[in-house]
1. In sequence order, what are the phi-derived ³J(HN,Hα) couplings for region 118-126 according to the Karplus relation 6.51 cos²θ - 1.76 cosθ + 1.60 with θ = phi - 60°, rounded to whole Hz, with x for glycine and proline?
2. Could you tell me what percent of the accessible area of region 85-136 is made up of carbon and sulfur, with a 1.4 Å probe and every protein chain present?
3. Sum up the charges of everything whose Cβ sits under 12 Å from the Cβ of R42, counting Lys and Arg as +1 and Asp and Glu as -1, but leave R42 out.
4. For region 31-80, take the convex hull of the Cα atoms, compute a quarter of its surface area, and give me that in nm², please.
5. Residues in region 23-46 near a label at R130, defined as backbone nitrogen under 11 Å from the 7 Å Cα→Cβ point?
Amino acid sequence: MVDDTGAPPRRPWFRGALRGVVGAMAMSGMRQVAVGVGAIERTPPDAVLKEGVPLLLESVPEHRRSAAVELAHWGYGATAGAAFALLPARLRRSRLTGPVYGVAVWGLFEAAVAPVLGLAHAHGSRPRERWALLIDHVVFGFVVGAPPEAGIAGPDGPDGDGGPGGEPRGDGSGAGGTGPEDRRRGA
């Protein structure tokens, strides 16, 4: 299927989901280091599957459970990335939106998901662990919330919204300037 210009339809949620998977992969690498240095005892995806929904994990052969935990984490990342991509373009253009979003995702887990699932993770003071998880969620946010100059899809930007990837506006923002919104404003 193509649009009026002959270009394939844009699916920002799909790009967001891919960025979410890559962000989750980056977090997994950081967590391996954090576990190795003793900052984290058990990663949140492991705790969710082993403590929160153990019946689901029991259906997976024991020798495949590590892979199941990792794939579940990538699925969470894809979902969070797709949701980020559906935020209004004006919000996504800021370099800070991604990291703030990553922190919000972490906060949601800490304040709602972990307590609702009854995870041991939700109890007690764990400052080193919380700092490690906060930092890896900021990294996730940087991956999901690409900076404006990262778009390379053409004059209308990667999401077709006149945003990142378009011609510079000349206002120093680094954002595009030849998209539909800009043409309406006369930029």
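1. Once θ is set to phi - 60°, the couplings for region 118-126 become x, 6, 4, 3, 7, 10, x, 8, 9 Hz.
2. Carbon-and-sulfur percentage of accessible area, whole number: 72.
3. With Lys, Arg at +1 and Asp, Glu at -1, the neighbours total -1.
4. Mean projected area for region 31-80: 3.8 nm², to one decimal.
5. Of the residues in region 23-46, none has backbone N under 11 Å from the label point off R130.
The values are calculated or read from the model by the stated rules, or taken from the named source; none is laboratory data. All values reported here derive from a predicted model rather than from experimental measurement. Cβ sites come from the backbone with ideal geometry, for glycine too, and all protein chains shown count toward neighbours. Accessible surface is based on the protein model in full, side chains and every heavy atom, while ligands, DNA and RNA are left aside. Shrake-Rupley method; radii C 1.70, N 1.55, O 1.52, S 1.80 Å.
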